[in-house]
Amino acid sequence: MEWITVVVSSLFSGIIGIVISNLYHKRSVKKKQKYDLLEQMMGNRFDLTGDKFSEALNKVFIVFNDSQQVLEALKSFHESVSGKHKEPEVIDQRLLELFKSMCDNLKIDTRILTDSFYLKAFNIKNK
């Protein structure tokens, strides 16, 4: 009877280990997808009408589907760029809110950064 207890407990602990490992792996992959997407958006913000930025923007609702805050910011941004009266100030503010909500979701500390950091891309080329 003792050996049955050993076998059952060994199997049970192995199954628990696999389940925990799978859950951790899925969470890790999801977080990496989020980081990669935010990285793509920030890296291509110099050309908001470009293909790479647009591609990343179109992935936001899939990758951040578990974040109500990001989805609301995305919806607001979409409404501001899709409307008949496109106001650049409103579009910039809503894009800023989208970037900040994505950073908040990923727990990226951005307190030291100003709002212009998000919207004005680096370009130090000499002309």
**OP:** Under a 10 Å cutoff between Cα atoms, tell me which one of V81, V19, V90 has the largest fluctuation in the Gaussian network model of the chain.
**Re:** V19
**OP:** Would you mind checking the tilt of helix 51-63 against the longest principal axis of the Cα atoms of the chain, expressed as 0 to 90 degrees and rounded to 10?
**Re:** 40 degrees
Original post:
Distance from the Cα centre of the range 101-118 to that of the range 9-66, in angstrom?
Top reply: 18 Å
Original post:
Among K84, K75, K52, which one moves the most in a GNM of the chain with springs linking Cα atoms closer than 10 Å?
Top reply: K84
Original post:
Going down the list K34/K107; K59/K100; K26/K100; K59/K84; K52/K84; K32/K75, which pairs span over 19 Å between their C-alpha atoms?
Top reply: K26/K100; K59/K84; K52/K84; K32/K75
**OP:** May I ask you to derive the relative contact order of the chain, considering only C-alpha pairs under 8 Å and at least 6 residues apart, and to give it as an integer percent?
**Re:** 22 percent
Original post:
Whole-Å semi-axes of the range 2-119's equivalent ellipsoid, largest first, each the root of 5 times a Cα gyration tensor eigenvalue?
Top reply: 42, 14, 12
Original post:
For the Cα atoms of the chain, what angle does the longest principal axis make with the long axis of helix 68-82, in degrees from 0 to 90, nearest 10?
Top reply: 30 degrees
Original post:
Taking every eigenvalue of the Cα gyration tensor of the range 50-110, multiplying by 5 and rooting it, what semi-axes result, largest first, whole Å?
Top reply: 19, 13, 11
Original post:
Hey, rough spin-label estimate for D36 and S54, points 7 angstrom out along Cα→Cβ, what's it come to in nanometres?
Top reply: 2.2 nm
Original post:
In a GNM of the chain with a 10 Å cut-off on Cα contacts, which of K34, K59, K107 has the highest mean-square fluctuation?
Top reply: K107
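Here, each number is a calculation from the coordinates, and none is a lab measurement. What you see is a predicted model; the values in this text were computed from it and never measured. All Cβ positions, even for glycine, are placed from backbone atoms using ideal geometry, and neighbour counts span all protein chains on display.
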